[in-house]
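Inspection log for the structure reproduced underneath, given as structure tokens.
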Amino acid sequence: VSLKGSDWLRLEKIAEAQATVGDIREALQTTATISDQGAQASALRAIAEAQAKASDTKGALKTAGMILDQDVKASVLNSIAEAQVTAGDVEGAFQTAATITPQNAKVWALGAIAEAQARTGDTKGALQTATTISDQWAKVFALSAIAETQAKAGDRAGAAGTFRLAVQTAATIPDAEQ
């Protein structure tokens, strides 16, 4: 049985499954046959995320570079940055986030980095990262995620302080943006 590029939904699901089981080469070959740009972007997302989870940052970044849809690419780069922090490569995560366009997507990646830092026990680094987020909404989400992580780790006093900072930050957002 041979599938054509017009069978994009089936091909997309096959490529995603191939990526999930670690058969990246086959997944990329399958993806190359997909005629629908959205389905191709979705399959490339799955491949890049599988590569990032397997600590193949170089491969993940290369795959992300193949994605034409800028929103999907920004989301994938965000996921790669999170995986880098989890693997202990915070500097690499910041380098990955710096490549994200548009700017509004980059601030959400910084929030994801801060959250991942908190999950890995680097609360101080997470809070420092959160202070660099220029978008107040993204900063509130990052601070809230950090506070939740602190609370789950048993640092109730730290969580309370971080939640206070999140509330203070939220109070600076104009009503029109809420």
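The values are calculated or read from the model by the stated rules, or taken from the named source; none is laboratory data. Quick caveat, the model's predicted, so the values are computed rather than measured. Because the Cβ atoms are built from the backbone with ideal geometry, glycine has one as well, and the counts that use them run over all protein chains shown. Note: areas computed on protein heavy atoms with side chains; ligands, DNA, RNA excluded. Shrake-Rupley method; radii C 1.70, N 1.55, O 1.52, S 1.80 Å.
Here residue 132 passes the criteria (1) among the β-branched types (Val, Ile, Thr); (2) over 14 Å from the mean Cα position of the chain (by Cα); (3) more than 18 Å from residue 168 (Cβ to Cβ) except the one numbered (3). Put simply, of 79, 75, 55 the only residue that is over 26 Å from residue 135 (Cα atoms), among the small types (Gly, Ala, Ser) and surrounded by fewer than 24 Cβ atoms within 10 Å (Cβ to Cβ) is 55. One residue alone among 157, 147, 109 is of a type in the set (A, V, I, L, M), part of a helix (DSSP H, G or I), on the phi < 0 side of the Ramachandran plot and out of contact with any helix residue (DSSP H, G or I) (no Cβ under 7 Å at 6 or more places or on another chain), and that residue is 157.
Which of the residues belonging to region 112-142 are outside any helix (DSSP H, G or I) and closer than 13 Å to residue 86 by Cα? If you could, list the steps in order and put the result at the bottom.
If we filter region 112-142 for residues that are outside any helix (DSSP H, G or I), which is where we start, we get 120-122, 132-135.
Within region 112-142, 120, 121, 122 qualify.
Only one entry in 99, 120 is open to solvent by 60 Å² or more (accessible area, probe 1.4 Å) and within 22 Å of residue 158 (Cα to Cα), namely 120.
Quick one: would you say residue 114 is crowded, with 24+ Cβ neighbours inside 10 Å, touching a helix residue (DSSP H, G or I) at 6+ places or on another chain (Cβ under 8 Å) and within 20 Å of residue 77 (Cα to Cα)? Yes: the conditions hold for residue 114. When every residue of region 25-37 is checked against the conditions, at least one turns out to be open to solvent by 60 Å² or more (accessible area, probe 1.4 Å) and in contact with a Phe, Trp or Tyr (Cβ under 8 Å, 6 or more places away or on another chain).
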